[in-house]
1. Quick one: what pairs do we get from segment B:242-262, first residue in a helix (DSSP H, G or I), second open to solvent by 80 Å² or more (accessible area, probe 1.4 Å) and modelled with pLDDT of 95 or more, C-beta under 9 Å, 6+ apart or different chains?
2. For the list (1) within 14 Å of the chain's Cα centre (by Cα); (2) free of Cβ contacts under 8 Å to residues at least 40 places away in the same chain, I need the number of the one condition that B:Glu118 fails.
3. Would you be able to tell me the number of residues in segment A:227-236 that are more than 7 Å from chain B (Cβ to nearest Cβ) and under 10 Å from B:Glu264 (Cβ atoms)?
4. Output the residue which, of all residues in segment B:242-277 that are of a type in the set (Lys, Arg) and over 26 Å from the mean Cα position of the chain (by Cα), is surrounded by the fewest Cβ atoms within 10 Å (Cβ to Cβ).
5. On the basis of being under 26 Å from A:Thr120 (Cβ atoms), under 31 Å from the mean Cα position of the chain (by Cα) and at pLDDT 95 or above, does A:Glu224 make the cut?
6. Answer yes or no: is there a residue in segment B:139-149 that is exposed (fewer than 15 other Cβ atoms within 10 Å of the Cβ), modelled with pLDDT of 95 or more and within 13 Å of chain A (Cβ to nearest Cβ).
7. State whether the residues of segment A:208-226 include one that is more than 8 Å from every other protein chain (Cβ to nearest Cβ) and open to solvent by less than 20 Å² (accessible area, probe 1.4 Å).
There are 2 protein chains.
Amino acid sequence: MHIGIVGLGLIGGSLGLDFREAGHRVSGVSRSPDTCRIAVERGAVDQAQPEFTLLHDADVVFLCTPLGVMQETIQTLIPHLSAQTILTDVGSVKQSVVYTLEPLWRRFVGGHPMAGTEHTGILAAIPNLFRDRPYVLTPTPQTDSEAQSILRSLIQDLKSQYYECTPIQHDRAVALISHLPVMVSASLLQACLAEPDVEILKLAQSLASSGFRDTSRVGGGNPELGRMMAEHNQTEVLRSLQQYRQSLDQIIELITEKKWDALEQLLTQNLAKRPNFVDQ
Amino acid sequence: MHIGIVGLGLIGGSLGLDFREAGHRVSGVSRSPDTCRIAVERGAVDQAQPEFTLLHDADVVFLCTPLGVMQETIQTLIPHLSAQTILTDVGSVKQSVVYTLEPLWRRFVGGHPMAGTEHTGILAAIPNLFRDRPYVLTPTPQTDSEAQSILRSLIQDLKSQYYECTPIQHDRAVALISHLPVMVSASLLQACLAEPDVEILKLAQSLASSGFRDTSRVGGGNPELGRMMAEHNQTEVLRSLQQYRQSLDQIIELITEKKWDALEQLLTQNLAKRPNFVDQ
């Protein structure tokens, strides 16, 4: 199959590595000629250039640009595609993307490969990034079912775990387990930085250990990524934050009212239920 | 030096291993004869028994019982000690302990070795548990300075990082970087478990990955430990939760009002400041 990849960063480059390994021909497009050259050198693509003309006979095109430029990218891309080309994206938010791009291309299917590292760019691309990781497709009643099943077979080439849900289900679930933790963790760092007593702040910094390290990790990560989550998934992130605030207020109330047994019971429920989210 | 250890669990047993390695004679006391036997077998103590009579000529006694039983333990212990014996505890909260125990023993110095593993009990005791970890002493104006300096030299034997502060400074700092993360993380799990849509809850459980795993870790940990933090450090935990709630509300407001630049700025501050808390 001839696969096009628009945007040769961590995700686009890693997709290219795996698709070529699976025997597909891969053409890449990046605005940067340097990135194109590196992508070829690293074996992420068979060929790459800044123009979309390479993709005129692509069977499937993966849009791997940042969320903010997807719409303008697809509008420039469309005139270069053949009508049969399947188009998909890798955006981490689906409602805004799907409802923007779907009207523009009949064979569009929204997708989200849930993998990454802390690095970005073509130099960070690695083989098997998606292996055993979730890859979610978010079809709608308008989605072309043949296009979806072709994409599904490509996802099998990546050895990903395949999931399927509606765009809103995706955005709500991802808000809870990916975007909410960033905001929760960011608030923890902010609360500590807001400590008015400098002596205590210094001491806290010296004494912080693994519990603080883990709980503050995603809140001290890539600021553009955090902004992007909130900006593109605003409704669902706010929904998850309201659910969170209720849970927080409940814990504050239990502690204020010295309901220690109830607090321990709540923590016991967490201990029992956390393995449903996280492989131990 | 003759060192007594009351309570032969992870902390008491690990202290014994290191103090014996440093050339001290160590006597242990545990209510459980089995624990006493195992402590001797593992080399954590030279001798151990359920009675305090072993400690009549101890130079320093470490109280390593749970916070909840410290006061009753010290009252039973006191009649067995010589007047010169230095007494210290290893409790993770200091105001309640220090102001309870200090009036009962002239040569008492509050302490907190900040180390642990996820395991408990004498079988979990390991050498070098405290090496390169903070060990905080919390003297007051009443503290015997000679007793404090002898303890400080023992802390050097453990190769710990020595810190000194007031009990309230300790409890506030520890609330921020240890107890608050537990409540913040527990609220995250509770917010997800409260998801009313079962389909979304199931999907969220399938899609959760490293960000959720790290942010939810301490909130899905030992329930007794979480309860103990809140119960014994109630005032400071509530203070930290109020600071946290303000930070959370600020982030909710930024997202509600679509102040994306301000949100990114806040996250950029977190990225820059987190290394002050956590070695990268």
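The values are calculated or read from the model by the stated rules, or taken from the named source; none is laboratory data. It should be emphasised that the depicted structure is a prediction, and the values quoted were computed from it without experimental measurement. Methodologically, a virtual Cβ is constructed for each residue, glycine included, from the backbone with ideal geometry; neighbour enumeration extends over all protein chains shown. We work out accessible area using only protein heavy atoms, side chains counted, and drop any ligands, DNA or RNA first. Shrake-Rupley method; radii C 1.70, N 1.55, O 1.52, S 1.80 Å.
1. Close Cβ pairs (under 9 Å, with a partner that is open to solvent by 80 Å² or more (accessible area, probe 1.4 Å) and modelled with pLDDT of 95 or more) amount to B:Gln243/A:Pro196; B:Ile252/A:Gln242; B:Glu253/B:Lys259.
2. (2)
3. 1
4. B:Lys258
5. no
6. Checked against the condition, which is being exposed (fewer than 15 other Cβ atoms within 10 Å of the Cβ), modelled with pLDDT of 95 or more and within 13 Å of chain A (Cβ to nearest Cβ), segment B:139-149 yields no hits at all.
7. First, pick out the residues of segment A:208-226 that are more than 8 Å from every other protein chain (Cβ to nearest Cβ): A:210, A:225.
Those left that are additionally open to solvent by less than 20 Å² (accessible area, probe 1.4 Å): none.
Checked against the condition, which is being more than 8 Å from every other protein chain (Cβ to nearest Cβ) and open to solvent by less than 20 Å² (accessible area, probe 1.4 Å), segment A:208-226 yields no hits at all.
For every residue, the table says whether it meets (1) at the interface with another protein chain (Cβ under 7 Å from one of its Cβ atoms); (2) modelled with pLDDT under 95.
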residue	(1), (2)
B:Leu248	yes, no
B:Ile255	yes, no
B:Lys259	no, no
B:Thr268	yes, no
B:Lys273	yes, no
B:Gln280	no, yes
